[in-house]
């Protein structure tokens, strides 16, 4: 069975008042027969202290549920616009050719899937000291990721998908913007690799607290019919080729966001497309002053350019303003009848952008 047939995505929701009860309710919804590779929980902590308490509770509840098979795990401070707590789940249905290994590094759980086609690494929850500055946190997080990759024999440019959650992403401090601080640290981290098959697909998105949090997928292909391909959007400038005029400085530097608009993983006659965080940008300029429904329309056109014939299997919708939720949900009702969608409230990487969408497509 092809990898694209084995991987599955789901979103679960719970509205219990306490975080602990909500997590128990969410975990009871998980399929019993599948191997769980990744859990991402989206919550509403009111402060950094509450975030850290809930993160620890989450780790304990998940450890009790999974024992020695703990999936990659992260807690993101983004409220679900449908109320309560939301949990995204990446599941896998192995066959006899697969070996699945559950491991830990520096307190974080991660999962390896190995078969005749590839070695795939799923890791999450990479964070540093939340009291440090964003640039310092970013560098420390990437140092930890590099160490984990080294332990498992993966190169930096084996990363195919990266999720970057940045506290108050557009905030300005004395030495610059939070997102630009992160981008400078990412550029440093990536500089030692060749990236001959393009940068990873990625999302750079805000969070209410939690500092810098990074999740990633990496792959080593073992057969010539299995490979990665970067995907450009002819309607947009590649993010890593942006001009300085759309970047804000941090420490007098303006390095570009190093990611592809999408990244395809081909396994023989099937392929999976990681859709990066996508917004209403044409060329390198945002579509301003047109309202959320028009921004949504342009965003979906951009996504269609990336997916081609591949069918979308899951979407995450990030909204800047709570009051836009009803209109966006109505516009996406046709999608929602077929695939899981999560709606999350958070800041997008440019102040003028009201919506950003990412997803997974399979052909």
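With viscosity set to 0.890 mPa s and temperature to 25 °C, compute the Stokes-Einstein D of the range 126-187, Rh being the Kirkwood radius across alpha carbon pairs; µm²/s, no decimals. Spell out each step's value before the answer.
On the way: Rh = 12.4 Å.
D, rounded to a whole number, is 197 µm²/s.
What is the spin-label model distance, in nm, from residue 331 to residue 52 if the labels are put 7 Å beyond Cα along the C-beta direction?
Between residue 331 and residue 52, the label points sit 4.0 nm apart.
Hey, what number do you get for the chain at 222 nm if only DSSP H runs of n ≥ 4 count, each worth -39500 (n - 2.57), divided across all residues, to the nearest 500? Present the calculation step by step, with values, prior to reporting the outcome.
On the way: 8 runs with 92 residues, N = 363.
The helix-only estimate for the chain comes to -8000 deg cm²/dmol at 222 nm.
Highest first, please rank the peptides 122-131, 57-66 by the mean number of other Cβ atoms sitting within 10 Å of their residues. Numbers along the way, then the final one.
Values: 122-131: 20.0, 57-66: 16.1.
Order by mean packing, descending: 122-131, 57-66.
Given a Förster radius of 35 Å and the C-beta distance between residue 224 and residue 147 as r, what FRET efficiency does 1/(1 + (r/R0)^6) yield to the nearest 0.05? Could you put the intermediate results ahead of the total?
Details: r = 30 Å, r/R0 = 0.87.
The computed FRET efficiency comes out at 0.70.
Highest mean first, how do 146-154, 3-11 rank when packing is the count of other Cβ atoms within 10 Å averaged over residues?
Values: 146-154: 15.0, 3-11: 18.1.
Peptide ranking by packing, descending: 3-11, 146-154.
Average projected area of the Cα convex hull of the range 269-363, in nm²?
On the way: hull surface 23.9 nm².
Computed as one quarter of the Cα hull surface, the answer is 6.0 nm².
Normalised by the residues of the chain, what does the relative contact order come to in percent, with Cα pairs under 8 Å and at least six apart?
Values: 825 pairs, mean separation 60.8, N = 363.
Reported as a whole number, the value is 17 percent.
So what are the three principal axis dimensions of the range 2-60 from its Cα atoms, in whole Å, longest to shortest?
44, 20, 18
Which length gain, in nm to one decimal place, applies between residue 191 and residue 173 when the Cα-Cα distance is subtracted from 0.36 nm times their residue separation?
On the way: separation 18, 0.36 × 18 = 6.48 nm, distance 2.54 nm.
In short, 3.9 nm is gained.
Rounded to a whole number of µm²/s, how large is the Stokes-Einstein D of the range 68-129 at 10 °C and 1.306 mPa s, given Rh as the Kirkwood radius over C-alpha pairs?
Details: Rh = 13.6 Å.
This corresponds to a translational diffusion coefficient of 117 µm²/s.
Considering only DSSP beta bridges whose two residues both sit in the range 3-362, what percent are antiparallel, to the nearest 5?
On the way: 73 of 92 bridges.
Antiparallel bridges make up about 80 percent of those DSSP assigns within the range 3-362.
What is the gain in length, in nm to one decimal, between residue 338 and residue 288 on full extension, counting 0.36 nm per residue of separation less the C-alpha to C-alpha distance?
Details: separation 50, 0.36 × 50 = 18.00 nm, distance 3.05 nm.
The span from residue 338 to residue 288 would gain 14.9 nm if fully extended.
Could you bin all the Cα-Cα distances of the range 134-233 into 10 Å bins starting at 0 and give me the percent of pairs in each, rounded to whole numbers?
Each 10 Å bin holds this share of Cα pairs: 14, 45, 30, 9, 1.
Just the C-alpha atoms of the range 206-291: what Rg/Rh do they give, with Rh taken as the Kirkwood radius?
Details: Rg = 16.3 Å, Rh = 15.7 Å.
On the Cα set of the range 206-291, Rg over Rh gives 1.04.
Ranking request for peptides 207-220, 85-98, 280-293: highest mean number of other beta-carbon atoms within 10 Å first, then the rest in descending order.
With the highest mean Cβ count within 10 Å placed first, the list reads 207-220, 85-98, 280-293.
Bear in mind these aren't lab numbers, they're just calculated from the coordinates by the rules spelled out. Quantities reported herein were computed from a predicted structural model and do not represent experimental measurements. Every residue, glycine among them, receives a Cβ derived from its backbone with ideal geometry; neighbour counts consider all protein chains shown.
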